[in-house]
Amino acid sequence: MTHNDLLNGWIPLYLRDDEVHWGYMGDERFTEPFCHSSLQRLANKPFNQLFRPRTTRAALIERALSHPGLPVTGLIFHVSRCGSTLTAQALTALSNSVVLSEPPQLDQVLSDASNDHALLSALIAALGQPRRTNDERVFIKTDCWHLLHIETLLRVFPGVPWLFLYRNPIEILVSQVRMPALYLIPGFLHKHGLTPPEQLFSQPLAHAAWVLAHLFNQAVHAVQQYPNGLLVNYTELPDALTGRIAEHLQLDLTASEINAIQQLATRDAKNPHMLFTADSDNKQAQADKSLHELAEQELMQLYQALERLRLSG
């Protein structure tokens, strides 16, 4: 047995400077809507409070040579508030799949100016180790701003089918007015190479539209430049989960898996104890004239470009 074998069943909880801090996961699955919830739960377990192995980043990369992990068979990109969490949750219904939904360690690596492809690959290998006998594959749902790194991700995972989920930008902006997202805090995206004009920092809605326009634009270019992409409009959900998305990701669903996904789709993806309620009409009704004008000026042409590409694909 080598030293690295001692990390079987352990996953990287987080990276700090040159160190990787590990926590024991055993044969548990990532089933929460977001990885950070699973990681926090693991970190708070008494055993992981007492024992917290640390390695260097170089050791993580070296370990991936002998422990390459399960194959990544799908990447999910999105613009937030558009059904991506539902899609990731649906994939957790497949017992042979490891679903990494917005793992914070991925953001740590992507925000690093070194752009270390080997570290990125090794991190996913460590998170995607087969911890149960029927584990076969890994799906990754990125944070929405990781569209800014789509070229890096598609190079690290070449040939992997990927999705881009989106919806009418008016509805996204209304959602951001209700509950602004973390990535729209002024300056948050600077470490990811996106710096909005400072005059927008005091105009939250205009700032949100500017950022969203850049994300939409990234998607328009990516789907034309890179193969294996599939555009999915929020309006296609949940039917697309067992239709276009399943076909694109080559899921070959059984009748019981289809039923499990359909049952999941009746729940609110972010709050599974609540029933899902469609909100598009409500959000459209809440959009005032100024929001409509902002969306028309900054976002609708990009949205319509995506729609043309989706419908012609």
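Report Rg/Rh for the chain, rounded to two decimals, where Rg is the Cα radius of gyration and Rh the Kirkwood radius.
0.96
If you put +1 on each Lys and Arg Cβ and -1 on each Asp and Glu Cβ, how big is the dipole of the chain around its Cα centre, in Debye rounded to 20?
About 440 debye.
Using amide H atoms built 1.01 Å from N in the peptide plane, name the residues 5+ places from Leu163, or on other chains, whose amide H lies under 5 Å from its own.
Close amide H contacts, sequence-distant or interchain: Leu75, Ile76, Phe77, Leu230.
Of all the stretches in the chain, which is the longest one without any exposed loop site, taking chymotrypsin sites (Phe, Trp or Tyr not before Pro) in a DSSP loop (any state but H, G, I, E, B) with at most 15 other Cβ atoms within 10 Å?
Answer from the scan: 52-200.
Check Val98: other-chain or 5+ apart residues with amide H under 5 Å from its amide H, H built from backbone geometry?
Glu136, Arg137, Val138, Phe139
Counting DSSP beta bridges in the chain, what percent are antiparallel, to the nearest 5?
Around 35 percent of the beta bridges assigned by DSSP in the chain are antiparallel ones.
Working from the alpha-carbon coordinates of segment 146-303, get Rg over Rh, Rh being the Kirkwood radius.
0.99
So how tilted is helix 289-298 from the main axis of the chain? Cα-based, degrees 0 to 90, rounded to 10.
70 degrees
Name the residue, out of Gly69, Gly83, Gly193, whose mean-square fluctuation peaks in a Gaussian network model built on the chain with Cα pairs under 10 Å.
The residue with the greatest mean-square fluctuation here is Gly193.
What is the angle, in °, between the Cα long axis of helix 57-66 and the longest principal axis of the Cα atoms in the chain? Nearest 10 is fine, range 0 to 90.
The helix 57-66 is inclined about 70 degrees to the chain.
One-quarter of the Cα convex hull surface for segment 1-62, in nm²?
4.7 nm²
Normalized C-alpha radius of gyration of segment 173-259, against 2.2 N^0.38 Å?
Against the compact-globule rule of thumb, the ratio is 1.46.
With 10 Å bins from zero, work out the P(r) of segment 87-205 over every alpha carbon pair and list the percent per bin.
11, 37, 33, 16, 3, 0
Please turn the phi angles of segment 142-150 into ³J(HN,Hα) values with the Karplus equation 6.51 cos²θ - 1.76 cosθ + 1.60 (θ = phi - 60°), one per residue in order, whole Hz, x for glycine and proline.
7, 5, 4, 6, 6, 4, 5, 10, 4
In whole Å, what are the Cα extents of segment 140-213 along the three principal axes, biggest one first?
If we take the Cα atoms of segment 140-213, the spans are 41, 26, 17 Å.
Using +1 at the Cβ of each Lys and Arg and -1 at the Cβ of each Asp and Glu in the chain, identify which of Ser280, Ser121, His78 lies farthest towards the dipole's positive end.
Ser121
At 1.002 mPa s and 20 °C, plugging the Kirkwood radius over alpha-carbon pairs of segment 34-149 into Stokes-Einstein gives what diffusion coefficient in µm²/s?
For these conditions, the coefficient is 141 µm²/s.
Helix-derived [θ] at 222 nm for the chain: sum -39500 (n - 2.57) over DSSP H runs of at least 4, divide by residue count, nearest 500?
Computed mean residue ellipticity for the chain: -12500 deg cm²/dmol.
Residue by residue through segment 183-194, what is 3J(HN,Hα) from phi via Karplus (6.51 cos²θ - 1.76 cosθ + 1.60, θ = phi - 60°)? Round to whole Hz and write x for glycine and proline.
5, 9, 5, x, x, 4, 8, 4, 5, 9, x, 10
Could you point to the residue in Asn233, Ala246, Ser312 farthest towards the positive end of segment 192-313's charge dipole, with +1 and -1 charges on the Cβ of Lys/Arg and Asp/Glu respectively?
Ala246
Bear in mind that the values in this text are calculations on the coordinates, not laboratory data. Please read all numbers here as calculations on a predicted model, not as lab measurements. Cβ: placed from backbone, ideal geometry, glycine included. Neighbour counts: every protein chain shown.
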